[in-house]
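The values are calculated or read from the model by the stated rules, or taken from the named source; none is laboratory data. Because the structure is predicted, anything quoted here is derived from the model rather than measured. Glycine also receives a Cβ, built like all others from the backbone with ideal geometry; neighbour counts cover every protein chain displayed.
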């Protein structure tokens with residue numbers, strides 16, 4: 001079933017008109033209501049009147065994550081704060097988190113986008129869905145919740161964690177749909193076997209997995225283990241949360257709802273538009289958002305895009321799975337982690353910036369683990385074991401309070417961390433994804 | 001009355017201790033006393049050597065993290081109660097021992113114990129008053 005056949009199957013010519021009209025509107029809307037955008041446009045010498053159609057989008061300035069951070073908390077909003085009905089927060093590169101606000105219309109938009117996604121994965125109204133994404137400031141749980149409500153599913157809002165209970169809910173209530181991170185799906189399989197359950201007998205037929213990078217081989221493993229269809233969902237809180245793009249049963253790229261989230265793929269250094277199939281940075285313009293519309297937002301995710309009509313009947317373009325990042329962000333258990341956050345913590349603790357390194361690993365059937373190596377330099381060294389352990393604990397505490405996930409901290413000898421051309425390598429990702 | 005001690009940060013990896021002693025041996029440095037404190041992940045090696053500055057310099061050249069601290073070396077009579085009497089004097093003054101380690105002199109009736117106090121100045125005053133024999137830095141480095 002296709003949730004919004006009109007928008008999802010519209011032919012490209014007609015869609016261009018919808019997009020052009022929406023772009024004209026959103027450009028004058030942000031120009032009028034959001035001073036930082038007015039400044040951006042004026043600096044570039046673009047007037048809203050210059051934007052006649054969607055093809056003019058390249059005349060518009062980019063928006064980057066720093067624009068959000070610099071205007072913390074509400075500076076980039078185009079709506080007075082009393083009209084914002086819900087606020088979500090995700091981690092920022094340094095210091096301040098990224099804040100997004102939804103008006104009532106935005107929640108509707110989010111519900112619609114998520115309903116399209118869940119439907120695209122193969123759900124039917126009347127199905128039960130177990131939502132294993134975290135509820136709260138993270139957009140995962142509530143995004144799926146709104147979409148499921150909109151679609152008319154029976155929601156089991158399990159949130160993340162408590163694996164034994166998740167499995168009991170599955171066994172007793174028999175939901176057909178599972179939504180969680182892909183690594184959690186595999187982790188639950190191990191737990192299920194320990195409880196004496198055969199994962200192949202589970203009631204889950206369709207999984208909607210996202211919030212972290214995963215590979216085709218991981219998909220095969222999940223599908224074989226649980227005897228289910230594993231689909232990929234893409235989203236980011238800056239744009240709306242989950243529900244920006246979603247795979248259909250053909251698993252041939254993620255359908256992006258381009259009537260509301262207009263995609264471009266650009267060369268990350270030159271900003272030049274890339275052609276169909278070329279890998280570059282995904283840039284998205286929210287064509288209808290009210291609370292915090294973003295013009296040409298640089299996602300830092302590398303993808304390629306194809307415009308060919310899909311076998312499922314949808315005409316929306318499809319983006320590839322995320323092929324990496326243009327910055328050094330890593331996603332650990334669904335949480336965005338930037339090395340600069342760790343740098344901040346170390347600097348605030350000792351007033352010095354020792355060499356450090358993040359190591360992410362994912363052992364078979366387990367969740368991601370983050371380990372942080374910190375080189376012990378003279379400034380932070382003490383001859384007392386007690387003091388060194390206190391230092392280790394303090395780093396650990398501060399990091400988990402900033403990131404919201406636990407990390408192992410290991411103090412290491414100087415020069416342990418590999419340096420290339422004098423610069424230490426900040427991140428080692430050992431996960432096979 | 002203070003004795004200089006160097007401390008070295010070591011990861012719990014096989015061969016690291018050997019590397020430290022190797023570096024010191026090559027530089028012709030003699031170890032007078034040593035102790036190793038360890039945790040699951042790392043250890044801290046404390047050394048008293050005949051030439052503190054030189055030892056520190058060569059270890060740093062070899063990329064070790066080296067610290068220097070002042071400790072007190074006390075000659076404790078080698079008989080029952082020798083240590084107890086001394087510690088009692090400190091207890092009354094509220095001075096804490098962060099750590100300590102002992103070594104026995106080649107010939108002689110005294111055991112020598114190295115003490116790291118939280119407040120070294122006050123510890124020395126108290127110990128002097130109690131008539132405890134402390135070794136001078138030169139004495140220990142030249143043992």
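Below, the figures for the structure above:
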read-out	value
Cβ pairs under 6 Å, 6+ apart, first in the range B:55-70 and without any contact (Cβ under 8 Å) to a residue 40 or more places away in the chain and within 10 Å of chain A (Cβ to nearest Cβ), second in a loop (DSSP other than H, G, I, E, B) and exposed (fewer than 15 other Cβ atoms within 10 Å of the Cβ)	B:63/A:415
Enumeration of residues in the range A:343-393 that are closer than 29 Å to residue B:5 by Cα, exposed (fewer than 15 other Cβ atoms within 10 Å of the Cβ) and under 29 Å from the mean Cα position of the chain (by Cα)	A:347
Residue match in the range B:81-96 (condition: in contact with a strand residue (DSSP E or B) (Cβ under 9 Å, 6 or more places away or on another chain) and within 14 Å of chain A (Cβ to nearest Cβ))	yes
Leading residue by the ranking (nearest to the other protein chains (Cβ to nearest Cβ)) among those in the range A:396-419 that are part of a loop (DSSP other than H, G, I, E, B) and over 16 Å from residue B:11 (Cβ atoms)	A:407
Residue match in the range A:216-228 (condition: in a loop (DSSP other than H, G, I, E, B) and assigned by TED's automatic domain parsing to the domain that holds residue A:87)	yes
Test: residue in the range B:3-22 that is under 14 Å from the mean Cα position of the chain (by Cα) and over 24 Å from residue A:388 (Cβ atoms)	no
The listed residue being surrounded by fewer than 15 Cβ atoms within 10 Å (Cβ to Cβ), out of contact with any helix residue (DSSP H, G or I) (no Cβ under 6 Å at 6 or more places or on another chain) and not assigned by TED's automatic domain parsing to the domain that holds residue B:127, out of B:18, B:84, B:102	B:18
Among (1) within 15 Å of the chain's Cα centre (by Cα); (2) closer than 16 Å to residue B:1 by Cα; (3) surrounded by 14 or more Cβ atoms within 10 Å (Cβ to Cβ); (4) free of Cβ contacts under 8 Å to residues at least 40 places away in the same chain, the one test that residue B:141 misses	(4)
Residue in the range A:381-395 that is away from chain B (no Cβ under 14 Å) and either at pLDDT 85 or above or more than 23 Å from residue A:348 (Cβ to Cβ) (or both) present	yes
Residue within the range B:72-79 that is in the same structural domain as residue B:96 (by TED's automatic domain parsing), without any contact (Cβ under 8 Å) to a residue 40 or more places away in the chain and more than 14 Å from residue B:102 (Cα to Cα) present	yes
Residue B:9 facing chain A (nearest Cβ under 10 Å), in contact with a strand residue (DSSP E or B) (Cβ under 9 Å, 6 or more places away or on another chain), touching a residue at least 12 places away in the same chain (Cβ under 8 Å) and in a loop (DSSP other than H, G, I, E, B)	no
Unique residue being more than 26 Å from residue A:74 (Cα to Cα) and crowded, with 18+ Cβ neighbours inside 10 Å when the list is A:244, A:303	A:303
